[in-house]
1. Considering only protein heavy atoms, what per residue accessible area in square angstrom results for chain A with a 1.4 angstrom probe?
2. Find which of A:A545, A:F610, A:Y329 sits farthest along the positive direction of the dipole of the protein assembly as shown, computed with +1 on the beta-carbon of Lys and Arg, -1 on that of Asp and Glu, about the Cα centre.
3. If each DSSP helix of 4+ residues adds -39,500 (n - 2.57) and the sum is divided by the residues in the protein assembly as shown, what number results at 222 nm, nearest 500 deg cm²/dmol?
4. Provide A:L212, B:L58, B:L51 ordered by accessible surface of protein heavy atoms (probe 1.4 Å), highest first.
5. Please identify which residues in segment A:517-553 have an amide N closer than 12 Å to a label point set 7 Å out from the Cα of A:K345, following the Cα→Cβ vector.
6. Take every DSSP beta bridge with both residues inside chain A and express the antiparallel ones as a percent of the total, to the nearest 5.
7. What size of dipole, in debye to the nearest 20, comes out for segment A:368-496 about its Cα centre when the only charges are +1 on Lys and Arg C-beta atoms and -1 on Asp and Glu C-beta atoms?
8. Carbon-plus-sulfur fraction of the accessible area of the protein assembly as shown, 1.4 Å probe, in percent?
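The values are calculated or read from the model by the stated rules, or taken from the named source; none is laboratory data. Fair warning: this is a prediction, and the values are worked out from it, not measured in the lab. All Cβ positions, even for glycine, are placed from backbone atoms using ideal geometry, and neighbour counts span all protein chains on display. Just the protein is used for accessible areas: all its heavy atoms, side chains included, with ligands, DNA and RNA removed. Shrake-Rupley method; radii C 1.70, N 1.55, O 1.52, S 1.80 Å.
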Amino acid sequence: MTQMLLYPKLAVNGIKKNRRTYLPYILTCSGMIMMYYIVSFLTLSSFVGEMKGGDYMQLILYFGCGVMVVFSAIFLFYTNSFLIRRRKTEFGLYNILGMDKRNISRILFWETLIIYAVSMAAGISCGILFSKLAELALTRMLGGTASYVFNVELKSIVHALVYYAVIFLLIMINSLRQIHLANPIELMHSESSGEKPPKANYFLAIIGAVLLGIAYYMAVVIKQPVSAIFVFFISVIMVIAATYLLFIAGSVAVCRALQKNKGYYYKTNHFISVSRMAYRMKRNGAGLASICILSTMVLVTLSSTICLYIGEEDMLRQRYPRNIVIDTYTTDEKLTSLTHGAVEKVLDEYGETPENVLQYSYLDISGGFEEDNVILDPDRIDELSNSLDPDIRQLFIVTVDDYNRLMNKNETLSDGEVIVYPTKGDYGYDTITLDEYGTFTVKARAEDFVDNGVDSMQMVPSLFIFVKDEAVVKELYELQLGIYGSAHSYMHDYYGFDLSCDEDRQTDIGNALFDEISKIKEEYPDDWTGVSIDCAAKDRTEFYAMYGGLFFLGILLGAVFIAAAVLIMYYKQVSEGFEDKSRYEILSKVGMTKKEIRQSINSQVLTVFFAPLIASGVHMAFAFGIIARMLSLFGLTDAGLFAIVTLCCFGAFGAMYTAVYFITSRSYFRIVSGKE
Amino acid sequence: MPILEVTNVKKTYTARIGSAKVEALKNVTFSAEKGEYIAIMGESGSGKTTLLNILAALDKPTGGSVLLDGTDLSKVKERDAAAFRRDNLGFVFQDFNLLDTFTVRDNILLPLVLTGMSYRDMEKKLLPAAEKLGIAALLDKYPYEISGGQKQRTAAARAMITEPKMLLADEPTGALDSKASDELLSVFSRLNAEGQTILMVTHSVKAASHANRVLFIKDGEVFHQIYRGGCSNEELYKKISDALTLMASGGNA
């Protein structure tokens with residue numbers, strides 16, 4: 001009986017004795033489980049699902065569940081390695097006292113079980129508690145009505161139990177593996193095993209620097225939003241690799257180089273810091289690089305999702321320039337008068353009048369740009385799109401008369417002259433040569449034009465070309481008919497208007513319009529070329545659900561990443577405190593004053609801790625352009641807003657980071673100065 | 001005038017639990033002349049480490065005074081103590097106390113760096129000191145790469161490089177094998193012959209037999225002392241052994 005209780009008892013004792021390191025670990029586990037439960041709860045909750053746009057939101061949150069599990073696994077593995085390093089001495093002692101590795105495995109098993117049980121209980125209960133809060137926030141975001149019923153999602157609990165059981169099992173197996181590999185003497189001394197002085201690996205350091213340079217260069221140079229996504233992923237991977245290389249190898253190389261500079265190195269302020277740093281960096285480089293990458297992730301996620309959330313009303317208006325837009329795929333009188341008639345009929349029925357009417361016609365063609373030469377041939381466009389940064393744009397051909405009318409301008413063009421208006425990019429040439437047509441001279445660049453839903457919906461940038469008259473449009477229409485054959489583009493009659501009634505009524509009108517226009521299709525199949533009807537009210541909830549969901553997920557994941565960074569910092573401070581204690585004792589015996597010791601600690605701890613923050617700031621600065629370009633794909637073109645949001649995020653994050661630094665560094669000072 | 005004057009030094013500790021007082025040093029009085037080589041011997045718990053800590057200004061006596069070259073150690077302020085140690089004393093410890101992140105060179109230079117000396121001046125001092133201790137070839141090695149004896153000689157070089165008024169050694173041979181011990185002791189003798197004042201706390205009769213004078217401490221008091229006079233090391237060894245036997249058997253010398 002007592003034998004059976006021995007292992008759990010030893011396990012409990014082990015946790016209690018090491019509470020300085022175990023408590024934060026258990027807290028993190030609970031936090032991760034709590035977050036997982038909340039996200040999973042919202043994903044599965046039928047209440048959320050029934051909300052307007054809730055299904056869409058749940059799709060995004062579902063993705064968040066996966067991220068949570070994967071991240072928990074990686075992160076808990078990492079923090080557990082800190083714990084095991086500290087526990088090895090104790091296990092070595094047990095081993096010498098006569099416990100074999102099987103006994104130790106049993107202790108470890110009980111320990112894992114206890115931690116699992118405690119953090120599960122804490123995590124799930126906090127999760128249930130806070131899930132209501134999250135639900136309310138989400139309801140608010142989607143503009144639904146809050147419910148005051150308290151729900152518990154059983155399925156989420158089961159998922160959490162299973163997923164985290166697997167993670168804990170893997171962690172335990174990993175710890176067992178480490179203990180089985182070591183002999184008792186090694187276990188006893190594993191914490192103080194003398195390590196070789198780090199050699200500067202200039203090769204890796206240079207590779208890191210080169211990778212970072214290339215990634216930064218790519219991020220800055222890329223101009224096309226579509227290729228930005230691809231390049232972004234590549235450069236993210238490169239930046240991660242480079243960050244690790246630079247923190248691990250580069251930092252040591254820098255320290256070594258500093259040591260070679262005798263005049264600099266042999267100064268009281270630098271002597272101890274630089275030599276300690278070389279050691280710290282070798283071992284902690286990976287941890288610091290992780291902090292740096294986590295910080296960058298937090299910054300990117302938060303700033304872009306906040307930005308999308310703030311800018312969603314603008315984006316909506318860009319996507320839907322008017323409450324209702326009827327786009328008829330021809331400028332032929334017969335069909336357009338039918339559709340316009342249908343609109344009139346429906347609006348009469350509802351007793352509404354169109355306001356703020358926007359009407360013009362255009363031709364849209366896609367073209368591949370080779371500088372100022374536009375390729376229309378689809379095969380050659382395909383060829384072009386295989387290059388790294390292909391410049392493919394949608395061309396909107398509009399008459400200058402429409403431009404003048406809509407924008408209140410008074411421009412006249414002679415033959416062969418055009419005015420251009422590029423979106424999501426620049427057009428820097430003075431001429432445009434259209435394949436098989438001829439060259440236009442760019443007379444002017446328009447500063448603005450009415451938004452077009454097709455343009456804001458598409459990833460590719462657009463170029464509006466305002467031509468002299470209807471005849472030019474016609475010629476270009478005929479030209480592309482010849483080139484594209486059955487895949488040809490259409491002329492568009494664009495007719496949009498706002499309504500002053502509420503959203504539900506707008507949705508009804510949208511649906512009625514849809515029915516009415518469907519009738520035209522049945523009655524005049526020969527004249528039918530297609531009509532698209534956009535009703536902003538109908539899509540608004542979906543739109544809000546998507547950006548609200550991203551925002552929500554951004555906040556949740558941001559919180560998790562920050563928690564992770566905090567914990568890594570804490571463990572670093574504590575484990576280094578124990579290591580550095582004896583060093584500072586020696587220094588004080590040799591005649592270093594307390595003040596000098598404090599200064600030396602300050603300077604190296606500051607450098608070590610703020611290096612990741614600074615590095616992530618630099619990463620952010622270089623990523624800014626490319627992220628802004630990717631956001632433009634979502635229709636968010638306000639780079640100023642993004643800049644402000646990013647700076648705010650960086651400021652807030654930096655303040656929090658500093659606060660955490662001060663709290664954790666206090667425990668470091670306490671340990672080093674022997675108060676513990 | 002003696003370089004070190006220890007007068008009626010007392011040290012009492014209050015136990016952590018309760019108010020029971022432990023007298024580590026009852027009443028210690030002795031003095032050391034410049035150029036002397038003194039060994040302090042005593043059993044574990046006799047108070048010799050406490051005495052050394054007081055001499056090193058790491059600890060303050062409860063009573064009495066310690067004058068080093070005319071400076072009263074109890075008057076040295078806490079925050080000046082480290083600088084005082086650095087400028088006036090050199091230390092050699094049983095467990096070497098070398099910093100593993102430094103090369104032998106940097107370990108030796110450490111006290112000079114702390115005083116803010118320029119690298120050019122340091123370099124001038126480094127080589128002679130290293131050569132004197134026979135570690136000139138090891139300067140670029142790290143502590144983990146060299147033997148115990150070499151480590152202790154590095155520590156001695158670190159202690160000597162500031163040209164201290166007094167070299168304090170706490171069981172310097174405690175962690176060394178007999179060959180390394182012999183080497184270190186002959187280094188100490190040579191330093192002493194060049195005029196260095198040395199005060200060494202030790203268990204080892206062998207180590208003590210290299211000194212000019214041996215003080216025996218028992219129960220917090222100087223119990224006995226032996227002068228070398230004209231004795232050889234071996235004769236002194238014999239005398240020390242006899243004195244220790246006598247002390248252990250409770251007799252009065």
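1. 45 Å²
2. Going by the Cα projections, it comes out as A:F610.
3. One gets -21000 deg cm²/dmol as the mean residue ellipticity at 222 nm.
4. Most to least solvent-accessible, the answer reads B:L58, A:L212, B:L51.
5. A:517-524
6. That works out to approximately 75 percent antiparallel.
7. Approximately 360 debye in magnitude.
8. 58 percent
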